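The values are calculated or read from the model by the stated rules, or taken from the named source; none is laboratory data. Not measured: the values here are computed from a predicted model. We place every Cβ from the backbone using ideal geometry, glycine too, and count neighbours over all the protein chains shown. Areas reflect the complete protein model, heavy atoms only, side chains present, ligands, DNA and RNA absent. Shrake-Rupley method; radii C 1.70, N 1.55, O 1.52, S 1.80 Å.
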Amino acid sequence: MAFTPRVFSGTQPSGDLHLGNYLGAIKRYVEMQKTHECIYCVVDMHAITVWQDPDNLRRATREVAAAYVAAGVDPKKNIVFNQSRVHQHAELAWVFNCVARMGWMNRMTQWKDKTAGKNAEAESLGLFAYPSLMAADILLYKATHVPVGDDQKQHLELTRDIAAKFNNDYAPSLKEQGLDADFFPITAPVIAGPATRVMSLKDASKKMSKSDPAEGARILLMDDADAIAKKIKRATTDPEPLPSEERGLEGRLEANNLVGIFAALSETSKAAVLTQFGGQGWGAFKTALADLAVAKLAPIAAETRHLVADPGSIDAFMADGAARASEIAEQTMSEVRRIVGFLG
Ligand code: TRP
């Protein structure tokens, strides 16, 4: 059976949104709504896998939803909602906890990185099970395409493994219930463009991250023009001028990162950026990059501020999105209950 193309993605309302969230995910949400039916979630249940102050979680949930809309996502044409409002996410995640194997979860690099050198015993069970909830988010809507940053690739592979194992384990039941043998789709990650992995401005071997202690390592969506310009000017670079061709970026992590950011923000390729700036020093390039970043981000930040000033309107479009999401979610979940053998 061919699945209707459908896009699902989510962003966590934990910490402040940064350039990595914008280029890796949100900007792409806006592009995909032109061609697909899209469901965009604020994954508050994922956020609490590490401690979140309740007031701050409420604020951050509204801010992420506002940022989606400020960046250009249309909440009427698409579904925008917060995950916890649709209880079927938790319900399907439990079933998937029983499909996924401990060995699969133990191999997740994000779990390994987060617990490396730390006391894994003290982490929440939810953090370990995080990728199973993510698979539930996606498969509840039988989503075929998931725009994410490069760091989420392994979680998408796990989602495919869970879908395949579910389809396989319950093959006889699917048949008995008159359902298609490929009940869950094998979802494709959509990881494309020049900045699928935005790196730290201070250490380009590390991802730009909300938890980096160095403030200057990340550009926040809500940063003002001054802060953006300062962070870019202070970004680590090497002493060589910019190369004229993409090949010249090999082995130059900082240069590759900054050129990638420039290309993504200006919607061109790295090659085109290098045609323009090749041979020049970093000073001129950084000034141009700062101007570009401010031109692209400032209007989104202003609109986000405008939207969060009226929390009632954000809650209203998310409640409406959740109602529409619930219809699809319950359709899938009622089938899943029958497939696994739950009564009622
Ligand atoms: N794990 C994703 C991240 O940290 C967030 C997420 C949760 C997600 N559920 C999802 C992304 C479903 C895509 C689809 O970026």
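Listed values, structure above:
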{"item": "Single residue of V73, V64, V80 found to be aliphatic (A, V, I, L, M), under 20 Å from R305 (Cα atoms) and part of a strand (DSSP E or B)", "result": "V80"}
{"item": "Check on D203, within 16 Å of the ligand (Cβ to nearest atom), within 22 Å of the chain's Cα centre (by Cα) and surrounded by fewer than 21 Cβ atoms within 10 Å (Cβ to Cβ)", "result": "no"}
{"item": "Any hit, the stretch 313-333, residues being on the phi < 0 side of the Ramachandran plot, outside the structural domain of T61 (by TED's automatic domain parsing), aliphatic (A, V, I, L, M) and in contact (Cβ under 8 Å) with a residue 40 or more places away in the chain", "result": "no"}
{"item": "Count - residues of the stretch 165-217 that are part of a strand (DSSP E or B) and modelled with pLDDT of 95 or more", "result": "1"}
{"item": "In the stretch 219-272, the residues that are open to solvent by less than 80 Å² (accessible area, probe 1.4 Å), part of a helix (DSSP H, G or I) and more than 19 Å from L201 (Cβ to Cβ)", "result": "G248, A271, A272"}
{"item": "Residue list for the stretch 274-333, restricted to those being of a type in the set (K, R) and under 29 Å from F184 (Cβ atoms)", "result": "R324"}
{"item": "Those residues of the stretch 23-51 which are outside any helix (DSSP H, G or I), over 13 Å from F8 (Cα atoms) and within 14 Å of the ligand (Cβ to nearest atom), in sequence order", "result": "I48, T49, V50"}
{"item": "Those residues of the stretch 77-87 which are open to solvent by 10 Å² or more (accessible area, probe 1.4 Å) and in contact with a helix residue (DSSP H, G or I) (Cβ under 8 Å, 6 or more places away or on another chain), in sequence order", "result": "I79, N82, S84, R85"}
{"item": "Residue within the stretch 181-190 that is within 13 Å of the ligand (Cβ to nearest atom), within 25 Å of K286 (Cα to Cα) and open to solvent by 30 Å² or more (accessible area, probe 1.4 Å) present", "result": "no"}
{"item": "Residue within the stretch 56-64 that is away from the ligand (no atom under 12 Å from the Cβ) and open to solvent by less than 20 Å² (accessible area, probe 1.4 Å) present", "result": "yes"}
{"item": "Residue match in the stretch 20-29 (condition: open to solvent by 20 Å² or more (accessible area, probe 1.4 Å), of a type outside the set (K, R) and free of Cβ contacts under 8 Å to residues at least 60 places away in the same chain)", "result": "no"}
{"item": "Unmet requirement for P13, which otherwise passes all of (1) buried (at least 20 other Cβ atoms within 10 Å of the Cβ); (2) in contact with a Phe, Trp or Tyr (Cβ under 8 Å, 6 or more places away or on another chain); (3) part of a loop (DSSP other than H, G, I, E, B)", "result": "(2)"}
{"item": "Checklist (1) in a helix (DSSP H, G or I); (2) surrounded by 19 or more Cβ atoms within 10 Å (Cβ to Cβ); (3) away from the ligand (no atom under 15 Å from the Cβ) applied to V99, failing item", "result": "(1)"}
{"item": "Scope the stretch 104-127; condition in a helix (DSSP H, G or I) and open to solvent by less than 30 Å² (accessible area, probe 1.4 Å); matching residues", "result": "M105, T115, L127"}
{"item": "Tally of residues being closer than 15 Å to V99 by Cα and among the charged types (D, E, K, R) across the stretch 138-179", "result": "5"}
{"item": "Any hit, the stretch 146-168, residues being closer than 15 Å to C41 by Cα, within 11 Å of the ligand (Cβ to nearest atom), in contact (Cβ under 8 Å) with a residue 12 or more places away in the chain and open to solvent by 30 Å² or more (accessible area, probe 1.4 Å)", "result": "no"}
{"item": "Test result for Y130, in the same structural domain as M105 (by TED's automatic domain parsing), more than 8 Å from the ligand (Cβ to nearest atom), open to solvent by 10 Å² or more (accessible area, probe 1.4 Å) and in contact with a helix residue (DSSP H, G or I) (Cβ under 8 Å, 6 or more places away or on another chain)", "result": "no"}
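Listed here are the residues, each with its yes/no results for (1) out of contact with any helix residue (DSSP H, G or I) (no Cβ under 9 Å at 6 or more places or on another chain); (2) surrounded by 20 or more Cβ atoms within 10 Å (Cβ to Cβ).
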{"residue": "L274", "(1), (2)": "no, yes"}
{"residue": "A284", "(1), (2)": "no, no"}
{"residue": "A301", "(1), (2)": "no, yes"}
{"residue": "Q331", "(1), (2)": "yes, no"}
